[in-house]
Structures are given as structure tokens and as C-alpha cells.
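J.: Sharing a structure, written as C-alpha cells. Questions coming.
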Amino acid sequence: MKVYIGIDWSEKKHDICFMQEAGEVLRVLQIEHSMEGFVKLDAARQELGIGAQECVVGLETAHNLLVDYLWDQGYSQIYVLPPHAVKSAQGRFRQSGAKDDPWDARLIADILRTDQKRYSPWQPDQVLTRQIRAEVRFAGQLSREVVRSSNRLRSILLRYYPAATQTFSSLDGQVSLAFLQAYPTAKQAEALSFDELKAFLRTHHHTQPRSWPRIYARLHSNAPQPNSAVEATFMPLALAQARILEQLVKARSEGLARLEKLYDQHPDQKIYASLPMVGGFLGPALLAKLGDDRERFPTPAVLQAVAGTCPATNRSGKHSHVYFRQACDHEFRHIVQQWARLTLTSSPWAVAYYTTVRPHCHSDSDAIRRLANRWLEILWRLWLDKKPYDEALHLRQHALRSKAR
């Protein structure tokens with residue numbers, strides 16, 4: 001007997017509904033988010049006399065210890081339903097809009113019972129891929145935190161020490177942060193001689209000696225000077241924010257080093273490394289988004305829809321409306337559009353395509369998104385065939401297709 005298990009998950013507890021194929025609810029229970037709760041769920045399944053292989057499990061996330069536990073216990077039919085799909089199905093059974101967690105669990109089970117063929121079963125990637133995905137997500141979070149922290153530091157410095165915002169090329173550089181902590185006021189910086197500045201820059205491995213005179217000149221620019229009260233107020237804040245930013249930059253560098261080591265070990269690394277301009281972050285990021293399961297994206301159109309690079313279309317009668325796709329993986333879209341933009345500096349094919357479509361686009365972002373859409377089609381084929389990218393081969397095939405038209 002096939003049984004559908006709907007799970008409405010949360011951080012502290014999970015509501016569970018067991019439903020048979022005819023739609024009858026066999027059992028409803030609530031478990032804690034603990035090993036005891038997970039065991040309770042498995043015991044309830046055993047009491048119903050159902051094998052783990054006969055259970056079709058549905059929930060709205062794959063990033064949960066409960067999912068890991070169920071997979072380890074032999075629940076091989078796990079479906080991750082999009083939250084908006086569950087939300088839009090609420091009106092199928094309750095017109096009032098009333099809901100609660102046990103009802104959501106029942107709804108998830110019923111969606112799987114009636115629409116299972118519309119969804120693909122979840123398959124865990126290999127451990128290495130999951131590690132890369134976690135490091136990519138963490139590196140992205142740290143990068144955003146570095147930007148926020150840099151903006152906070154800049155705001156503080158503009159209040160009492162504006163010359164420090166222009167002395168070096170960026171506030172989050174190691175030399176810039178070390179200088180700010182060593183000379184946290186304009187008076188201390190201006191008291192430096194050129195020889196003392198050079199000694200400081202050598203000690204902190206500044207690699208552009210030709211810029212040292214310009215740095216010294218910026219420190220002595222005719223910037224507004226704060227009074228002693230303003231300086232005393234904001235200097236401690238700047239020092240504290242600089243230390244926070246320094247730790248964030250260090251953590252990001254360490255994370256990227258770990259990511260590079262993991263990426264080099266992955267069997268698909270050669271595919272992504274062959275792509276133009278992916279570098280040390282975008283390559284692992286693309287790998288993390290596509291994963292290992294070649295059935296996850298059965299066609300390039302599915303991959304493009306998930307990444308949000310292709311538009312959506314509404315058709316009704318004689319009317320047709322093409323619009324920007326909102327329902328997608330926004331992080332994936334950002335990654336692939338970053339990559340597409342960078343390829344314009346190294347790929348002749350990308351430049352030719354961009355030049356062709358740009359006059360027909362509403363904006364530069366639209367043209368980049370179209371280029372990203374084409375790159376995903378190429379990447380999908382490479383990923384499926386497990387072959388590296390060859391620009392010369394791609395150009396020859398493109399030329400043959402053009403002649404055949």
C-alpha cells in the first residue's frame with residue numbers, strides 16, 4: 001500500500017499527516033525537532049505496517065536534519081514542494097482561507113496524492129557537492145556582510161576622518177584596515193613622514209610602490225578637520241568597525257581557500273573550469289546550483305526557468321503577454337548573469353551574440369540575461385555529457401547551423 005506523508009516543518013516541531021491512496025487520513029501527529037521526534041515518526045510508520053519504500057514524503061525544504069534522517073532510514077521517495085505551490089493550493093479545500101499547521105501537512109500529502117507526477121523526487125548530492133554548496137552560500141553571505149560593514153565604516157569616517165576613505169583603493173583591503181587601526185585620526189596620519197609611510201606599506205606588503213606618493217598626498221589633502229569632541233566621539237566607533245571588517249575579510253579569505261580545495265577534488269571540476277571567466281567562485285557556484293543528479297534538469301528549458309533567465313508567457317485567446325520571470329532561484333540568476341557579463345571580456349561568441357541582441361533589448365540587464373540564457377543552454381549540454389567547453393568547437397557548430405538556415 002502506498003502512503004503519502006505530508007510534513008509541515010518548523011524549527012522546533014513538525015506536523016505529520018499519513019494519507020492513503022484513496023485520500024483517507026490514517027494518522028496525524030506532531031513531533032519535536034529532535035532525534036526522539038524523528039524516531040517517533042518512523043515508529044508511527046511501522047505501527048501502520050508500511051515499509052519505508054512505500055512512503056511518498058512531501059515537505060517544503062530539503063535543508064533540514066529531518067530530511068537527512070528520513071533518507072538514511074530508507075525513505076527514497078522524498079519530494080520537496082515549492083512553498084508557493086502549497087500556498088496556491090489552499091483554496092482547493094478551504095474557501096475561507098483558514099489554515100493551521102496540521103492542515104498544511106494534510107494539504108501537502110494530498111497534493112502529492114493527486115499531483116505526484118508534476119514533481120521530481122529529491123535526490124541528495126554527493127557529500128563533496130554539499131560541502132561546496134555550503135561554502136558557496138557562506139562565502140556569498142560573508143561578501144554581503146563585508147559590503148555592509150565597509151559602508152558602515154565609510155559612514156563613520158566621513159563624519160570625522162574623510163581622508164581615510166580616499167587613501168587606498170578600498171576600505172576592506174588589509175593595508176587600509178591596518179593603516180586605519182594604526183593611525184585612527186587625521187592628525188596622526190598627517191604627522192607621518194614619507195619614509196615612515198613607505199616603511200609601513202612595506203611591512204604590510206603593499207605591492208604598488210608607484211602609488212605611494214599619491215597615497216602620501218591624499219593623507220595631506222585639504223579635507224575638513226573635525227573638532228576634538230567629534231573626533232573623540234567617532235574614533236572608537238571607527239576602530240571597532242575596522243576590527244569587525246578585518247575579521248569578516250579574514251573569514252571570507254579562509255572560506256574561499258576551503259572552497260578552492262573542495263572544488264579541485266570534484267569530478268565535475270573540469271567541466272566548469274573550462275568555461276570562460278568563471279574564476280575561483282563562479283565555477284563552484286554554478287556547480288553547486290546544478291548539483292550531481294542529471295535527472296534534476298531534464299531539459300535546458302527547466303534549468304533556464306529555475307535560474308530565471310528565460311521570460312514567462314501568458315496566453316489567452318488572441319492575447320499573448322511575455323513578462324519578466326519572478327518565480328525562480330534569484331541567487332542562481334545573479335550568479336549566471338555575473339558570469340555572462342564577465343564572458344564579454346574573453347569570449348568572441350558571447351560578444352557577437354550580445355552585439356546582435358542589444359539593440360532589441362529594453363536595457364543592458366535584459367541583454368545580459370539573454371546571454372546568460374544562451375550560456376545555460378550550453379552549460380546544460382556540457383553538464384549532461386560530462387564534457388569540458390571548447391570555444392573553437394562551439395564556433396564551428398554555430399557556423400554550420402547558421403549556414404543550414
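The values are calculated or read from the model by the stated rules, or taken from the named source; none is laboratory data. The shown structure was predicted, so the numbers you read here are calculated from the model rather than taken from an experiment. Cβ coordinates were reconstructed from backbone atoms using ideal geometry, including for glycine residues, and neighbour counts include every protein chain displayed. Only protein heavy atoms, including side chains, enter the accessible area calculation; ligands, DNA and RNA are left aside. Shrake-Rupley method; radii C 1.70, N 1.55, O 1.52, S 1.80 Å.
J.: Within the stretch 371-400, work out how many residues are under 14 Å from Ala350 (Cβ atoms) and of a type outside the set (A, V, I, L, M, F, W, C).
T.: Residues that pass the stated criteria total 7.
Yes/no matrix, rows are residues, columns are (1) β-branched (Val, Ile, Thr); (2) buried (at least 19 other Cβ atoms within 10 Å of the Cβ); (3) in contact with a helix residue (DSSP H, G or I) (Cβ under 8 Å, 6 or more places away or on another chain); (4) under 20 Å from His394 (Cα atoms):
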{"residue": "Gly283", "(1), (2), (3), (4)": "no, yes, yes, yes"}
{"residue": "Ala307", "(1), (2), (3), (4)": "no, yes, yes, no"}
{"residue": "Cys310", "(1), (2), (3), (4)": "no, yes, yes, no"}
{"residue": "Val322", "(1), (2), (3), (4)": "yes, no, no, no"}
{"residue": "Cys328", "(1), (2), (3), (4)": "no, no, yes, no"}
{"residue": "Val336", "(1), (2), (3), (4)": "yes, yes, yes, yes"}
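J.: Are any residues in the stretch 261-281 closer than 30 Å to Ala178 by Cα, touching a residue at least 24 places away in the same chain (Cβ under 8 Å) and either open to solvent by 60 Å² or more (accessible area, probe 1.4 Å) or over 19 Å from the mean Cα position of the chain (by Cα) (or both), and if so, which ones?
T.: Matches in the stretch 261-281: Phe281 only.
J.: Do we have Glu190 as modelled with pLDDT of 95 or more and under 25 Å from Arg152 (Cβ atoms) here?
T.: Details: modelled with pLDDT of 95 or more: no; under 25 Å from Arg152 (Cβ atoms): yes.
Against the criterion (modelled with pLDDT of 95 or more and under 25 Å from Arg152 (Cβ atoms)), Glu190 does not qualify.
J.: Let me ask something additional. Here is a list of conditions, (1) over 21 Å from Tyr263 (Cβ atoms); (2) surrounded by 16 or more Cβ atoms within 10 Å (Cβ to Cβ); (3) in contact with a Phe, Trp or Tyr (Cβ under 7 Å, 6 or more places away or on another chain), and Ala139 meets all of them except one; can you say which number that is?
T.: It is condition (1) that Ala139 fails.
J.: Next question, about the same structure. Give, as residue ranges, the strands (runs of 3 or more DSSP E) completely inside the stretch 14-126 that count at least 1 residues that are open to solvent by 70 Å² or more (accessible area, probe 1.4 Å).
T.: Those strands (runs of 3 or more DSSP E) span 25-32.
J.: Hey, among the residues in the stretch 285-305 that are in a loop (DSSP other than H, G, I, E, B) and out of contact with any helix residue (DSSP H, G or I) (no Cβ under 9 Å at 6 or more places or on another chain), which one's most open to solvent (accessible area, probe 1.4 Å)? Write out each step before concluding.
T.: If we filter the stretch 285-305 for residues that are in a loop (DSSP other than H, G, I, E, B), which is where we start, we get 291-299.
If we keep only those that are out of contact with any helix residue (DSSP H, G or I) (no Cβ under 9 Å at 6 or more places or on another chain) as well, we get 293, 295, 298.
Values: Asp293: 35, Glu295: 146, Pro298: 80 Å².
Out of the qualifying residues, it is Glu295.
J.: Here's a follow-up. Of all residues being open to solvent by 60 Å² or more (accessible area, probe 1.4 Å) and not acidic (Asp, Glu) in the stretch 230-251, which is farthest from Val146 (Cα to Cα)? Just the residue, please.
T.: Residues of the stretch 230-251 that are open to solvent by 60 Å² or more (accessible area, probe 1.4 Å), as a first pass: 232-233, 236-237, 243-244, 246-247, 250.
Of the ones still in play, those that are also not acidic (Asp, Glu) are 232-233, 236-237, 243-244, 247, 250.
Numbers: Ala232: 25, Thr233: 24, Pro236: 19, Leu237: 17, Arg243: 12, Ile244: 9, Gln247: 9, Lys250: 10 Å.
Selected residue: Ala232.
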